[in-house]
Amino acid sequence: SPGQELRSSTRKGSALLRTLTRRGEAKGSRVAPNESLSHGLSVDTSVDWFGVGSGFEKTTVRGFVREETRQREREREREREGVMSGEGEGEGQGSGGGWGSWGMSLVESVGKTLTTAMGYEEMEVVDPNAGEGTENANGTADWKNNTSLDRRGMSEESKSFWGQISQMIGSDVTSMLSVPVFLMEPTSVLQKMAEIMEYPDLLTKGAKATEEAERMAWAAAFAVSVYASAERTWKPFNPILGETFQLKLGKDYEDGEYIAEQVSHHPPIGAAHAETPYWSYDIVSCPKTKFLGNTLEVYPVGRTRIKYKTTGEELAMVPPTSKAYNLVLGKIWVDTYGELIIENITNKWKTVIEFVPCGYFGGGRYTVKGNVFDAEGKPALYIDGKWNEGVGYQQCDRETGAPLAGSERTEMWAASKKPEGDAYGMTNFVHTHLNAWPGGGLLKSDSRLRPDRAALELEKRAEAQTFKHKLEEKQRAEKTKRIESGDGWTPRWFQLNNDMELRDFEYSTEDCPPWTFKQFPEKGDLVDVKQDYHESAEGTFSPWQYPDEE
């Protein structure tokens, strides 16, 4: 009967999904993206999954897999609880932008960062916003990594890797295994943290604003701007303990200075500080992730503070959560949802921005909206826009917070156009500032100089994998020597401040240790690094405590 055929086909579909989820073995198949089915798996309807004459319509496959996935995730959520901290020796830190890059990248990122593909068996995965015709397009800009990336030729590596992670559902998976290079982009998590510095002028405008509400609004625009680069699904390299990243701010490298350092390996923690004549920025990033079979949630555990030097005001920020979907089947895509909270510690003003979660068929995706509130809790400005495009503010009703009809809107930020055909979906800022170096003094521990990252940027993936393994082995050897000798690890540019005063909504010092900025490097700490540094990176990079020992 038709009912029996459907039940039989449904059982076949369930068995297929379990096979794909557990072993990642879609032999010879292509899992195609379908962005409109935002919270489910998307199966290519051009593939006859069950054979000719199975009695199971391809459209039923799509609907069934979507419902099956939702049910499995609900069951896992009920069975498993908590977010696990990292204790492994492999890749430990999520990624997306400046937050918890964070985590994707951090998406983080995004982080990632930013932020993370989990391995595939003969499946093609593409940038969710690249379009059907661009997944294998060569880059058109002038940077080195104008490359075509296709993950289908990685079956043996992919199968082995998938075997590892299939046992880790419910865990902080990125802390428990070493991610192979074919899933990575040529950046470090410390560089992903610095992506928030693409628009430093937003904070400068805030520092120069004369009204409290406007200063809060500009800080919110700065906070939202990082998410425009948080949709990349390639994983950045995890920082080596003691690794650093330096950046000169602004288009002409003259607006200020930024430095980040990996201050802890287990748990993975990065700290960063930026300084300009108008403001300072501090972040401690220790995100956690949770792998749920077909999704990866990124919890942006951390602490972010901004100080306006023009007024003496200090702001504290807590970002929203990010989630990567379709890690097993379909097009990987990243959503960010929840509240971004910015509190003015000095005058008690507050900004609350809602990141609207993506609904079915893509409804509400990218939308942000919220208000600046005065010290009495009354709405003072209305802010809205899209986190991948731009945001603005306008006057609002002082009771409801709704925007006033006919009020003038101030556009604060518009995302810069991304380069077409970039293999990793990276922004121009990554190429021109984060990976590039104009030449001159640089710490030997800088992320740019990692030989694995530099090799991957030159499209030398086999060399990148070899270098990555060597760095991980060296890091393990240093850890063993520290234990044997009783030496501790002391970061060079950041220090613990146990007297730090926390705010009610900030993470505790147990969840996020109170690392604070100590000093910028002096000239004698730097080595001369040429603009074309890639080939010499192996002999230059040195974040080590015992650099003379192999």
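Subtract the Cα-Cα distance of SER542 and ASN428 from 0.36 nm times their separation in residues, and report this length gain in nm to one decimal.
Full-extension gain reported as 38.3 nm.
For MET412, the residues 5 or more places off, or on other chains, whose built amide H falls under 5 Å of its own are VAL391, GLY392, TYR393.
Residue-wise, which Karplus ³J(HN,Hα) couplings in Hz belong to segment 412-429, taking 6.51 cos²θ - 1.76 cosθ + 1.60, θ = phi - 60°, and x for glycine or proline? So the Karplus estimates, Gly and Pro as x, are 8, 9, 10, 5, 5, 5, 7, x, 6, x, 5, 4, 9, x, 7, 7, 4, 4 Hz.
Remark on GLY256: its backbone amide H falls under 5 Å from those of LEU249, a criterion applied only to residues 5 or more positions apart or on other chains, H modelled at 1.01 Å from N. Each residue of segment 310-318 was assigned a 3J(HN,Hα) from its phi angle through the Karplus expression (A = 6.51, B = -1.76, C = 1.60, θ = phi - 60°), giving 5, 10, x, 6, 10, 10, 10, 10, 10 Hz with x at Gly and Pro. Between ALA405 and MET500, the distance separating the two model label sites (each 7 Å from Cα on the Cα→Cβ line) works out to 4.8 nm. Rounded to the nearest Hz, the phi-derived 3J(HN,Hα) couplings of segment 517-534 under the Karplus curve 6.51 cos²θ - 1.76 cosθ + 1.60 (θ = phi - 60°) are 5, 9, 6, 7, x, 8, 4, x, 7, 9, 10, 7, 10, 6, 4, 9, 9, 4, where x marks glycine and proline. Among the listed pairs LYS307/LYS479; LYS288/LYS331; LYS251/LYS378; LYS208/LYS288; LYS290/LYS474, those with a Cα-Cα distance over 32 Å are LYS307/LYS479; LYS251/LYS378; LYS208/LYS288.
Put the Cα centre of segment 472-505 next to the Cα centre of segment 227-282 and the gap is 18 Å.
Readers should treat all values here as calculations from the given coordinates under stated rules, not as data from a laboratory. Computed from a prediction, not measured in an experiment: that's the story for all the values here. Note that each Cβ is placed from the backbone with ideal geometry, even for glycine, and that neighbours are counted across all protein chains shown.
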